[in-house]
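Below: one structure, written as structure tokens.
Computed from the coordinates by the stated procedures, all read-outs in this text should not be read as laboratory data. Note that this is a predicted model, so its numbers are computed, not measured. Cβ placement follows ideal geometry from the backbone for every residue including glycine, while neighbour counts extend to all protein chains displayed.
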Amino acid sequence: MRMLAYAHERPPAAARRQLTVALAHTPGLPDLPGTIAEACDLTRSQASIPPLLDTGATVDRVRAALPDATWAHFACHAQADYSAPSSGGLRLSDGMLTIPEVSRLRLANAELAYLSACSTAHRSRDHADESVNLASAFHLAGFRHVIASLWPLQDDIAADASRRFYRAIPHGPSAADAPLALHRVTHGLRDQHPDRPDLWAGLIHSGP
């Protein structure tokens, strides 16, 4: 409740400055070939802050770029620790940007974080009364709207969902239409894969 109240109280961003972070290759993890195409599509339509890709997407660089961004898109691996949820985070080229590190950020103009990574809104069965995950961490960092996943995403479906989402949402600084845009994405994917809710029902929106 504190997380959502904090997101609701913040005014919409007055400008759109897009940060895109994408890793097709992460040391020790399976490749995600769809992520770079996902990032390139977004960069072409919303060029702003130079994208951080593969080896350039280090923990320090991402942390340094976030204060300048009002919108942030992450296409990469995420780690969820179901026994100790706060140990999870986003896997970057040289390590992990952890949930506590994200939560401690104070981003004055943050509007939308799109977490195109696995299980970023997952709640552990052992901690069902707690909302400790990457989605809540980005809200606490200052983002009013967060798109995140309830379970692991299929790489090509995640890239397709991202493209559809950014085409459906207006190009202005506010992400007020994010719930409707994601609703349209879900309907489109459901029409394509009616018997595979695991492919189209995983992405959710949280925020005002």
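Points worth noting:
- Of Arg91, Arg61, Arg144, the one that fluctuates the most in a GNM where the chain has Cα springs shorter than 10 Å: Arg61
- Taking every DSSP beta bridge that has both ends in the chain, the antiparallel portion is near 40%.
- Estimated [θ] at 222 nm from DSSP helical runs (n ≥ 4, -39500 (n - 2.57)) normalised by residues in the chain, nearest 500: -10000 deg cm²/dmol
- One equal scatterer on each Cα of the range 2-206, no solvent, Debye formula: the resulting log10 I(q)/I(0) at q = 0.12 Å⁻¹ is -0.53.
- Virtual spin-label span in nm between Trp151 and Ala108, 7 Å along Cα→Cβ: 4.3 nm
- Efficiency of FRET between Arg61 and Asp198 - r from beta-carbon atoms, R0 25 angstrom, step 0.05: 0.15
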